[in-house]
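Each value in this text was obtained by applying a stated rule to the coordinates, not by laboratory testing. For clarity, every value in this text was computed on a predicted model and none was experimentally measured. Positions of Cβ are generated from backbone atoms using ideal geometry, with glycine treated the same way; all protein chains shown enter the neighbour counts.
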Amino acid sequence: MSNRMSAMRVRTLHPWDLPLAEAGRLQERLALSVQEETFDPAGARYIAGLDVSSDKENPILTAGVIVWDRITEEIVDASSVQGTAPFPYVPGFLSFREAPVLLEALRALRIEPDILLVDGHGRAHPRRLGIASHIGLCVDVPTVGIAKSILCGKGTEPADRADAWTTLIDDTEEVGRIVRTRKGVTPVIVSVGNRITLDGAVTLTLACCRGYRLPEPTRLAHQHVNLARTTGKGLVPAGVEQMQLL
């Protein structure tokens with residue numbers, strides 16, 4: 001296990017309970033700050049998966065993060081936080097609803113991950129700032145968005161093999177890729193969150209797959225957060241505290 005025991009550094013960029021029109025303008029401004037940097041996926045050992053479990057009509061959200069050791073293929077850290085969403089469920093504005101509790105879950109980690117895989121979109125978003133990009137700007141850590149469906153843009157179905165992908169184009173811009181992670185399963189949408197290239201995001205996503213549709217960190221995060229929501233205890237390694245309440 002890593003000896004890098006330190007809390008995640010989370011920046012407060014703005015209030016979360018904004019009027020809808022103001023939130024949209026903020027997304028457009030923040031999208032200009034997203035960076036696409038060369039990131040060597042081979043150097044990423046501690047990979048965090050992030051997910052939220054909730055009911056669209058219920059303002060109480062459970063956020064979960066696991067840190068997966070790519071070498072040992074074990075969960076080495078995990079956190080879960082339950083709190084009230086400051087923003088209603090509105091398609092295209094998911095980060096204003098879910099990012100605050102996810103950021104608190106990141107603050108609760110003992111091991112700082114090398115990169116984050118977020119269940120949601122990055123730049124594959126109408127205003128180029130999905131939840132993965134929003135979180136990536138708040139923590140300034142390389143971040144990838146992995147979504148289960150298309151929010152904007154068009155693309156063709158990739159070949160039915162476990163490394164095939166096609167481009168996702170919105171208004172002539174490549175905003176993401178439609179990636180087949182396993183033969184015979186529906187592809188996922190991979191896009192840049194922050195501080196990684198699209199090529200790097202796809203490479204890392206495929207490198208983390210272990211025979212399932214979702215890459216292992218986000219698959220485990222999904223299990224973790226649903227267990228935490230229903231039982232108060234997720235996929236927690238020994239010595240890690242249980243769910244925190246905001």
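Some points to look at:
- Toward the positive end of the charge dipole of the chain, with +1 on the Cβ of Lys and Arg and -1 on the Cβ of Asp and Glu, the farthest Cα among G49, A99, T38 is that of G49.
- Grouping the Cα pair distances of segment 12-65 into 10 Å bins from zero gives a pair-distance distribution of 16, 26, 41, 16, 0 percent in increasing distance order.
- Estimated D of the chain in µm² per second, where Rh is the Kirkwood radius over Cα pairs and Stokes-Einstein applies at 37 °C, 0.692 mPa s: 186 µm²/s
- Burial order of peptide ranges 142-155, 222-235, 123-136 (average beta-carbon count within 10 Å, highest first): 123-136, 142-155, 222-235
- Here the sum of -39500 (n - 2.57) over DSSP H runs of 4 or more residues, divided by the residues of the chain, equals -7500 deg cm²/dmol at 222 nm, to the nearest 500.
- Largest GNM mean-square fluctuation across A42, A105, A164, computed for the chain with C-alpha springs under 10 Å, falls on A42.
- Segment 1-91 - percent relative contact order, Cα under 8 Å, separation 6 or more: 22 percent
- For segment 161-236, the ratio of Cα radius of gyration to the globular rule of thumb 2.2 N^0.38 Å stands at 1.27.
- Segment 160-237-segment 45-70 distance, computed between alpha-carbon centres (Å): 14 Å
- Panel note: the C-alpha atoms of segment 133-203, placed on their principal axes, show extents of 36, 26, 18 Å (largest first).
- When you restrict to C-alpha pairs under 8 Å that are six or more residues apart and normalise by the size of segment 150-203, the relative contact order lands at 26 percent.
- When the alpha carbon gyration tensor of segment 42-117 is reduced to an equivalent ellipsoid, the three semi-axes, largest first, read 26, 12, 9 Å.
- Along each principal axis, Cα extent of segment 107-246, largest first, Å: 47, 33, 24
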